[in-house]
Amino acid sequence: MRRVSQERHPRIVTVSEEARTTPLELFFDLVFVFAFTQVTALMADDPTGRGLIRGLLVLAVVWWCWVGFAWLGSVLQADEGLGRVAVFGAMAAVFVMALSVPEAFVDNHTGGLNGPVVIAFAYLAVRSLHLAIFWLAADGDAGLRRQLVRFAPSLVGGTAFLLIASQLDGTAQTLAWVAALVADYLGTILGGAAGWRLTAPGLFAERHGLIVIIALGESIVAIGVGVAHLPVSTPIVVASVLGLAVVGSLWWAYFDVVSLIAERELRRLQGEARTRLARDAYSYLHLPLIAGIVLLALGLEEVMAFVAGAHGHTWDDPLPTLKLAAMYAGVAVFLLGHVAFTYRAEHLIKWFRVVTALLVLALIPVADQLSALGALALLAAVMVAQIAIESMRFAEARERIRHEDA
């Protein structure tokens with residue numbers, strides 16, 4: 001049966017082991033489409049090394065909000081009882097946070113609320129709601145409640161440093177954001193995993209696959225949004241196809257085989273071993289995947305601006321070095337993150353992807369001498385070649401893994 005109501009709290013509806021993602025959880029993820037778009041815009045507005053770092057810090061905070069509710073949804077039915085209330089409450093808080101992302105570090109407008117403070121309190125609201133509903137869902141489970149108590153200091157520490165950051169500027173402010181993330185991410189690890197529950201491993205893996213698709217979708221939006229109202233030209237068509245090839249290659253790298261293996265391993269394990277794998281491979285090691293996609297989107301948006309002739313540029317002009325580096329490094333970060341994910345899930349290092357990631361990074365100086373369209377074409381060629389070689393080299397193993405349950 002999909003759900004079972006707990007006796008003490010009839011409004012708490014737990015999930016079965018075979019539960020899958022609900023429409024409400026998909027609706028919840030739409031807020032993060034906007035949040036990822038806002039992070040990309042934040043980095044685009046400050047195309048410096050500092051701007052990229054700050055954008056990634058904001059992304060890590062947004063990601064941790066999503067992670068908490070992915071864990072909650074693996075125990076509590078998201079579209080029933082208090083689960084539904086929690087999801088809608090979190091959606092409101094995350095949406096407010098996303099609205100404030102352009103002012104995450106500098107409050108640019110007078111007469112309104114202070115942007116950095118709004119982000120800190122929105123984050124506190126999301127995390128507190130997550131903790132409170134988890135506490136109710138843990139009724140009768142002393143181990144889970146002890147785990148939540150150990151988890152609470154990271155929530156307090158993370159929010160406190162964000163509030164401190166709201167009163168600072170410059171490097172001190174950036175370091176306060178780093179401290180907030182260290183408090184939250186490291187605090188979760190130090191809290192251990194013995195008491196956590198992961199009732200629905202298939203749902204948990206599926207949720208992470210869907211958020212990867214959400215992020216990839218944001219990259220596709222970046223390809224199209226800049227040229228949507230312009231006459232279609234040959235450079236626009238070529239750039240669109242090349243950008244889609246790069247994004248499609250990342251989709252292929254994630255979903256072709258490894259996501260299936262990781263989900264099966266998560267289903268096979270029980271107890272603390274399962275929760276540790278879920279925490280490491282999904283909660284932590286999916287962040288570089290999302291970060292890589294967001295960096296790629298930043299570069300793709302710039303390429304499309306060039307082929308569209310924005311600001312007097314043309315398709316054969318070279319990209320700004322930083323945004324070119326972001327596009328290439330984004331792909332490399334995704335590949336290396338996926339290598340780490342694969343190793344944690346199946347204790348196997350995909351050396352070919354390590355080499356591809358290093359090759360992509362090594363090609364940045366070469367691409368810097370090419371036109372915007374040429375740089376994108378070079379990146380697309382490397383990624384399509386990687387997928388083609390892997391597909392042919394491991395054809396038999398791929399076929400067996402992909403149809404193992406058939």
Set the Förster radius R0 to 30 Å, insert the Cβ-Cβ distance between residue 169 and residue 99 as r into 1/(1 + (r/R0)^6), and round the FRET efficiency to 0.05.
-> 0.90
Which of the peptides 248-261, 12-25, 274-287 is most tightly packed, and how do the rest follow, going by the mean number of other Cβ atoms within 10 Å of each residue?
-> 274-287, 248-261, 12-25
Go from 0 up to the bin containing the longest alpha carbon distance in segment 1-146, width 10 Å each, and give me the % of pairs per bin.
-> 11, 37, 28, 16, 7, 0
With the other protein chains left in place, how much accessible area per residue, in square angstrom, belongs to the chain at a 1.4 angstrom probe?
-> 41 Å²
Using mean Cβ contacts within 10 Å as the protection proxy, how do 49-55, 388-394 order, highest first?
-> 49-55, 388-394
How big is the chain by Rg and Dmax over its Cα atoms, in Å?
-> 21.6, 67
Positive dipole terminus of the chain, leading residue within 77, 143, 159 (C-beta point charges) = 143
With charges set only on the Cβ (+1 for Lys and Arg, -1 for Asp and Glu), what does the dipole of segment 37-147 come to about its Cα centre, in debye to the nearest 20?
-> 240 debye
Taking the chain and counting helices only, DSSP H stretches of n ≥ 4 at -39,500 (n - 2.57) each over all residues, the nearest-500 ellipticity at 222 nm comes to -24500 deg cm²/dmol
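So for 171, 48, 188, what's the accessible-area order with a 1.4 Å probe, most first?
Details: 171 100, 48 60, 188 15 Å².
Putting 171, 48, 188 in descending order of accessible area: 171, 48, 188.
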Quick calc: nm separation of the 7 Å Cα→Cβ label points for residue 142 and residue 393 -> 5.3 nm
What translational diffusion coefficient, in µm²/s and rounded to a whole number, does the Stokes-Einstein relation yield for segment 336-406 at 37 °C and a viscosity of 0.692 mPa s, taking the hydrodynamic radius as the Kirkwood radius over Cα pairs?
-> 235 µm²/s
Please tell me the relative contact order of segment 4-103 in percent, rounded to the nearest whole number, where contacts are Cα pairs under 8 Å and at least six residues apart.
-> 43 percent
Between the alpha-carbon centers of segment 292-333 and segment 79-116, tell me the distance in whole angstrom.
-> 29 Å
Of the candidates 250, 282, 223, the farthest towards the positive dipole end of segment 204-283 (Lys/Arg Cβ +1, Asp/Glu Cβ -1, centred on the Cα centre) is 282
Between residue 13 and residues 5 or more places away or on another chain, which pairs have amide H atoms under 5 Å apart, with H built 1.01 Å from N, and which residues are they?
-> 77, 82, 83
When only the heavy atoms of the protein chains count and the probe is 1.4 Å, how do 45, 79, 29 rank by accessible area, highest first?
-> 45, 79, 29
By average C-beta atoms within 10 angstrom, highest first, the peptides 294-301, 144-151, 321-328 | 294-301, 321-328, 144-151
Which order do 347, 229, 338 take when ranked by solvent-accessible area (1.4 Å probe, heavy atoms of all protein chains), largest first?
-> 229, 347, 338
Relative contact order as a percentage, the chain, C-alpha pairs under 8 Å and 6+ apart, gives 16 percent
On the protein heavy atoms, probe 1.4 angstrom, tell me the percent of accessible surface of the chain carried by carbon and sulfur.
-> 68 percent
Indicate the helices, whole DSSP H runs only, in the chain that combine a mean Kyte-Doolittle hydropathy of -0.5 or more with a Cα extent along their long axis of 18 angstrom or more.
-> 23-45, 49-73, 81-99, 115-137, 142-165, 170-190, 201-225, 234-255, 287-307, 321-346, 372-393
Mind putting a number on the dipole of the chain about its Cα centre? Charges go on the C-beta only, +1 for Lys and Arg and -1 for Asp and Glu, and I need it in Debye to the nearest 20.
-> 1100 debye
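The values are calculated or read from the model by the stated rules, or taken from the named source; none is laboratory data. Quantities reported herein were computed from a predicted structural model and do not represent experimental measurements. Note that each Cβ is placed from the backbone with ideal geometry, even for glycine, and that neighbours are counted across all protein chains shown. Ligands, DNA and RNA are stripped out before the accessible areas are found, and what is left, the full protein with its side chains, is counted by its heavy atoms. Shrake-Rupley method; radii C 1.70, N 1.55, O 1.52, S 1.80 Å.
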